[in-house]
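Quick notes on the structure that follows.
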């Protein structure tokens with residue numbers, strides 16, 4: 001049986017999606033991998049939304065799968081040659097490979113803008129899935145910073161960098177390592193708005 005590949009699009013966060021993103025951000029599954037794992041109050045979330053809308057150095061996209069919101073992709077430092085990105089899947093019942101699509105979208109988006117030289121990411125050391133994915137995509141780990149303690153256990157913050165010229169050269173090689181349906185889905189990623 002042939003599995004159909006869903007449409008993958010990224011649209012700027014709007015007010016209609018604000019409550020959904022707030023619920024995702026406050027879920028235990030998402031909070032546990034954030035630098036700040038405190039509960040975010042609604043007023044704080046609304047103030048954050050208002051502030052980033054007037055900040056040209058930041059973009060926040062909602063990840064749509066067949067027009068259904070399933071996660072987020074965000075960028076900061078877009079006024080520098082080395083923007084930083086983050087993401088998460090807010091929903092769990094998603095197409096297999098959705099996390100990989102987020103990684104591809106982040107690299108494709110920044111590599112398509114000539115003013116950027118590198119894409120930066122920070123991942124907490126216990127977030128094994130994200131750290132493994134960065135290794136598969138061949139990010140360079142450039143620093144390890146002491147992160148503190150979470151649930152009584154120490155953790156570090158791993159800093160990654162990807163030279164975007166390298167991504168343009170490596171993209172096909174990386175896609176060849178992944179399941180074929182990922183490459184087919186990657187060809188159809190869209191950024192809206």
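General observations
- Debye intensity ratio I(q)/I(0), log10, the chain, q values 0.13 Å⁻¹ (C-alpha model): -0.72
- Secondary-structure-derived ellipticity at 222 nm for the chain, considering helices only, amounts to -10500 deg cm²/dmol, per-run term -39500 (n - 2.57) for DSSP H runs with n ≥ 4.
- For the stretch 21-40 and the stretch 109-142, distance of Cα centres in Å: 21
- Cα gyration tensor shape for the stretch 47-120, rounded if a/c is under 1.5, else prolate or oblate: oblate
- Residue 11 versus residue 44: modelled label distance in nm, points set 7 Å from Cα along the beta carbon direction: 2.9
- The shape of the stretch 1-66 comes out oblate: with a ≥ b ≥ c from the C-alpha gyration tensor, a/c is at least 1.5 while a/b does not beat b/c.
- The overall shape of the stretch 126-190, judged from the alpha-carbon gyration tensor, is prolate: a/c is not under 1.5, and a/b is greater than b/c.
The numbers here are math on the coordinates, done by the rules we state, and not lab data. The shown structure was predicted, so the numbers you read here are calculated from the model rather than taken from an experiment. Because the Cβ atoms are built from the backbone with ideal geometry, glycine has one as well, and the counts that use them run over all protein chains shown.
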